[in-house]
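None of the figures in this text is laboratory data; all of them are computed from the coordinates on show. Note that the structure is a prediction, hence the values are computed from the model and not measured. We place every Cβ from the backbone using ideal geometry, glycine too, and count neighbours over all the protein chains shown.
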Amino acid sequence: MNHGAPIVEFMGLYFNLANIMMITIASLIVFILAVVSTRRLELKPTGIQNFTEWVMDFVKGIINSTMDWNTGGRFLILGMTLIMYIFVSNMLGLPFSIIVGHDLWWKSPTADPVITMTLAVMVMGLTHYYGVKMKGAKGYAKGYFEPMGFMFPLKIVEEFANTLTLGLRLYGNIYAGEILLGLLAGLATSGYANGFGSGIAGTLGAIVPMLAWQGFSVFVGTIQAFIFTMLTMVFISHKVSQDH
Amino acid sequence: MLTSGYVLGAAAEGGLHFNGGDIIFQLVMFIILLALVKKFAWGPLMGIMKEREQLIANEISAAEASRAEAGKLLEEQRELLKTSRTEAGQLIENAKKQGEAQREDIISAARAEAERLKESAKREIVQEKEKAVAALRDQVSSLSVLIASKVIEKELSEADQEKLINEYLQEAGEER
């Protein structure tokens, strides 16, 4: 499970080509899904438009549960894109992984801490940006001294802790899922090197846990997409609502 | 290698490189994706959802308005019905009253007519009676003259006289 990554250096920056590819694929899938589902918009929705509208209502529900719609309405598109991008990313690594040479090419982009931390930092950056924008620099700074002045150091720690947990929670769940899937796949296939009998035994032994774990991974991937979006909205609401 | 791989994740594999390129790429891709889906998917979707909301709100208000109008019309019709009903009652009442009056009129007129007829009949009867009495008187006087002349004509016995008188009286009665 410790495959290498196809890393290249370009203009002083290191690029993991597998990540680049998977990010692009995930983004493309989300884009195509979104465009296809909204190609023929009708007042009476049918088929996939229904589904997308359900997702939108779901995200609306998330936003409404954390802040009022007047302030939260502008984050609807962010929430929609986040939940779909992370969900698609989580699902990408489930059906198979592709290893070329010693490099792992096909995986979930979210099974990489760099990617998840990028998303998390981006979200936390947005919360600070909207905090300053909607409450003013003074109101934003005041947020660090509430409810009492001595909370300031804790609040600072909280910011970093939130960022870290937001990114690493997603990464950990998906990465662990992929590792176990890889192990099970290894169990199913590697026995054939020693002989046909042990190969069959390994395959039979791997089928049931493989099925179970893939199902569970679908569940985990969905839940993690939801949690990431939910926490994004919670952090934003902490920064932008007036009563905090 | 194994430990470092777990501790530092994929970012650190293959030498301890920090994958700044991935970060930038992810960020840029996400922002591009955000802009694209906003323009091509979520924007129109939100538009149509808002439109639907508007439509439903319009429909509801239209339905409310038409319901209010229907209520108003119903009230009007009810009012109209009530007035026409009272009018009809009044008409019937008037007709009844008029009929009553007419009946009274007719009855009183008939009564008066009957009274008048009775009166004239009575008068006629009296007249006739007087006429008859006068005629009788005339007859009686002429008879008595006749009787007297007869008596004078012949001397009669008392029995004859009686017989004679009776005879004449009978005669007079027959003439009547």
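Summary of computed values
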item: Label point distance in nm, B:SER61-A:PHE226, each placed 7 Å from Cα along Cα→Cβ; result: 3.7
item: For the protein assembly as shown, share of DSSP beta bridges that run antiparallel, in % to the nearest 5; result: 90
item: Exposure proxy ranking, count of Cβ atoms within 10 Å, fewest first, for A:LEU92, B:LEU55; result: B:LEU55, A:LEU92
item: Ranked A:ILE62, B:ILE147, criterion: other C-beta atoms within 10 Å, fewest first; result: B:ILE147, A:ILE62
item: Sequence of A:TRP213, A:TRP54, B:TRP42 once ranked by neighbouring C-beta atoms within 10 Å, starting from the fewest; result: A:TRP54, A:TRP213, B:TRP42
item: Gained length - B:VAL145 relative to B:GLU53, 0.36 nm times residue gap less alpha-carbon distance; result: 19.6 nm
item: Choice from A:LEU168, A:LEU126, A:LEU43 with maximal GNM fluctuation in chain A (Cα, 10 Å cutoff); result: A:LEU43
item: Candidates B:GLY99, B:GLY89, B:GLY20, ranked by Gaussian network fluctuation over chain B, Cα under 10 Å, top entry; result: B:GLY20
item: Distance in nm between pseudo-label sites at B:LEU27 and B:LEU136 (7 Å out along the Cβ direction from Cα); result: 15.7
item: Rounded FRET efficiency, nearest 0.05, which uses the C-beta distance separating B:SER120 from B:GLU174 and R0 of 35 Å; result: 0.60
item: Structure-based [θ]222 nm, chain A - -39500 (n - 2.57) summed over DSSP H runs of at least 4, per residue, nearest 500; result: -25500 deg cm²/dmol
item: Overall form of the stretch A:1-149 per C-alpha gyration tensor (a/c, 1.5; a/b vs b/c); result: oblate
item: Contour minus Cα-Cα distance for A:ILE156 and A:LYS133 (0.36 nm per residue); result: 6.3 nm
item: Highest-MSF residue in chain A out of A:GLY197, A:GLY221, A:GLY79 [GNM, Cα springs under 10 Å]; result: A:GLY197
item: Rounded Å value of the spacing that divides the Cα centres of the stretch A:79-149 and the stretch A:1-49; result: 15
item: Inter-probe distance in nm under a simple model that places probes 7 Å from Cα toward Cβ, at A:VAL234 and A:THR203; result: 4.6
item: Non-local Lys pairs in chain A, i.e. 8 or more apart or on different chains, that have alpha carbons under 25 Å apart; result: 14
item: Sequence-distant residues sharing a close amide H with A:GLY93 (under 5 Å, placed H); result: A:SER108
